[in-house]
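Report on one structure; see the data block that follows.
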Amino acid sequence: MKSIFLLSLNKLKKILAFIDRDDKMIIALNNKCNFKIEEFLTYQQELNKIVDNNLIVLCPTSLYLSVAKLDNIKLGAQNTSCTKEGAYTGEISASQLKSLNVEYCIVGHSERRKNQKESNEEIKEKITRLLEENITPILCVGETKEEREKKQVEQILREELAILNDINDKERIIIAYEPIWSIGTGLIPSNTEIKEVINLIKTNYPSNKVLYGGSANEKNIDELKKIREIDGYLIGGMSLHPEKIQEFLQKLKK
Ligand code: 13P
């Protein structure tokens, strides 16, 4: 009798954990290269007032990772090194991030692919380093306007996601679909277009969470949230404004 009870209790716990996991959206806040230290500390105080059931991840500039004191928010980084600790001037290793309680890390952001000429090979190395340290990578993928117009979206995504194929624990990676032409522009693909891409990713990588990023904010969340396939959002501009984040989260709940 006791063992039957224990069995069903365990089953119940598993079901609850599953429901809990799937109900939660992932809201990753990418501060990019913003805030002086005093501004960041004030911002952090405001963020800590947010009460929400979703999983919120703050990715400040790496300089502030060591002063981050977050209550209900997880800590993320914006980048890491391909290499382990050692003689690599200016680099920040995944193990150093881990020692600062970083649990998530953005990799392959289009701004780095463009400005730092990051290759898919380097991005794969970074993902490997992060997984070794048990940090969840948030891998950014997405097409330029020109690539969309030339109907190359699928091809670009296949190329960017091909690095996952020989990574053992690839289901631990969060994929963020960020159309490059949508980042910081206020332009957003139609819901049908977003749905198409997310479904394409999920068909090939069914165990991965997929976020949408690109001008997502408190004004368009009512429309975006109709896309049931989205597991969360990667947010740039709006991440700098706690009151807007609050409004976004309120609307997401309704
Ligand atoms: P915006 O939300 O400012 O468009 O930025 C998106 C982004 O690049 C998040 O990584």
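Every number here is computed from the coordinates shown, using simple stated rules; none is lab data. Every value quoted in this text rests on a predicted model; they were computed, and no experiment measured them. When we count neighbours, we look across all protein chains shown, and the Cβ atoms used for this are built from the backbone with ideal geometry, even at glycine.
The helix-based estimate of mean residue ellipticity at 222 nm for the chain, built from -39,500 (n - 2.57) per DSSP H run of four or more residues and divided by its residue count, is -12000 deg cm²/dmol to the nearest 500.
With only the Cα atoms considered, the range 158-225 has a convex hull volume of 92 Å³ per residue.
Over the range 26-82, Cα pairs under 8 Å with separation of 6+ residues give a relative contact order of 41 percent. Highest mean packing first, where packing is the average number of other Cβ atoms within 10 Å per residue, the peptides 105-113, 69-77 line up as 105-113, 69-77.
Within the same chain, lysines fewer than 8 places from residue 253 are excluded, and of the rest, those with a Cα less than 22 Å from its Cα are 24, 49, 74, 195, 209, 219, 225, 226, 244.
Here's the list of aspartates and glutamates a cross-link from residue 114 could span, going by alpha-carbon distance under 19 Å and ignoring same-chain residues fewer than 8 apart: 91, 122, 125, 143, 146, 147, 159, 160, 178.
Here the relative contact order of the range 96-175, from alpha carbon pairs under 8 Å that lie six or more residues apart, stands at 34 percent.
For the pair the range 58-94 / the range 181-227, the C-alpha centres are spaced 26 Å from each other.
Here the Debye sum runs over all C-alpha atoms of the range 137-254 as equal scatterers in vacuum, and log10 of I(q)/I(0) at q = 0.09 Å⁻¹ comes out as -0.24.
The mean sequence distance of close C-alpha pairs (under 8 Å, at least 6 residues apart), as a share of the length of the chain, puts its relative contact order at 17 percent. Ranked from largest, the principal axis spans of the Cα set of the chain equal 63, 42, 41 Å.
Charges were assigned to the Cβ only: +1 to each Lys and Arg, -1 to each Asp and Glu. The resulting dipole of the chain about its Cα centre is roughly 740 debye.
A protection proxy built from the mean count of other Cβ atoms within 10 Å ranks the segments 95-104, 227-236, most packed first, as 227-236, 95-104. With N the number of residues in the range 28-90, Rg(Cα) / (2.2 N^0.38 Å) evaluates to 1.24.
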